[in-house]
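Data first, discussion second: the structure below is written as structure tokens.
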């Protein structure tokens, strides 16, 4: 069985939103045993730009506990 965690990342900028902290978050979670599996848009601005994303991580858990 897998456990999932979602980490929100908010972009910076106006017309072209930029995400800066995603690499550090992925590296930090990987060091804790999590595997990065993807992302989904969590908030889309009025101009269609992605303002916030959720990074998705998974970790295998022991079902016997």
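Once the chain from residue 49 to residue 23 is taken as fully extended at 0.36 nm per residue, the excess over their C-alpha distance is 7.3 nm. With respect to the chain, whose longest principal axis is taken over its alpha-carbon atoms, helix 22-31 is tilted by about 10°. The stretch between residue 63 and residue 35 holds 8.3 nm of extra length on full extension. This uses 0.36 nm per residue minus the Cα-Cα distance.
With the helix formula -39500 (n - 2.57) applied to DSSP H stretches of n ≥ 4, the chain reaches a computed 222 nm mean residue ellipticity of -4500 deg cm²/dmol.
Return the ratio Rg/(2.2 N^0.38 Å) for the chain, where Rg is computed over Cα atoms only. Don't skip to the end; give the middle numbers.
On the way: Rg = 14.1 Å, N = 65, 2.2 N^0.38 = 10.7 Å.
Taking the Cα Rg and dividing by 2.2 N^0.38 Å, one obtains 1.32.
Computed from the coordinates by the stated procedures, all read-outs in this text should not be read as laboratory data. Keep in mind that what you see is a predicted model, and the values were worked out from it rather than measured.
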